[in-house]
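Chemist: Structure incoming, see below.
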Amino acid sequence: MQLKSFARLARAITPPVVALAMSLPWLVQAAPTLAGPSVGKVSEAAVFSGSGYVANSAVSISVTLPGGAEATFSAVVAADGSLSYSVAPTDPGVHSLKVLDSGGNTLSSAMFIARP
């Protein structure tokens, strides 16, 4: 008898629970991504795009140059959770990019090689 009561209860609460979960996208949000070209040319812009970020949030983009120097730039995520950033390398070699949240935590990263 208790099993039937439990089954009835589960059927009654399942639709509202699923509807609630679907209305809270941050519960099921995928990890942010960042992608761009793997190889580019010095002085030519390389565009990196990402998605899955918190909408309208402030982020930092950290660019590490081939010699190890690091530069950090501010950006704001679009209302749809997307982000686009352009880098024009001045030196040949491996460049890495990281998108950081306000606490300095890495949300996503990418790298590319700039050729002469």
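Every number in this text was worked out from the coordinates using simple rules, so none of it is lab data. What you are looking at is a predicted structure, and each value in this text was computed from that prediction instead of being measured. Don't worry about glycine lacking a Cβ; one is built from the backbone with ideal geometry, like all the others, and counts go over all protein chains shown.
Chemist: Rounded to whole Å and ordered largest first, report the semi-axes of the equivalent ellipsoid of segment 30-115 derived from its Cα gyration tensor (root of 5λ).
Modeler: 22, 13, 10
Chemist: What's the local net charge at S62, with K and R +1, D and E -1, over the other residues with C-beta under 14 Å away?
Modeler: Numbers: positive: K98; negative: E70, D101.
Charge balance in the 14 Å sphere: -1.
Chemist: Something else about it: Using a Förster distance of 30 Å, how high is the FRET efficiency between V54 and S86, based on the Cβ-Cβ distance and rounded to 0.05?
Modeler: 0.90
Chemist: Next question. Please state the shape class of segment 51-99: rounded when a/c is under 1.5, otherwise prolate if a/b exceeds b/c and oblate if not, all from the C-alpha gyration tensor.
Modeler: Cα axes put segment 51-99 in the prolate bin.
Chemist: Related question: Summing +1 for each Lys or Arg and -1 for each Asp or Glu, what net charge is found among the other residues whose Cβ lies under 13 Å from the Cβ of A114?
Modeler: The answer is 0.
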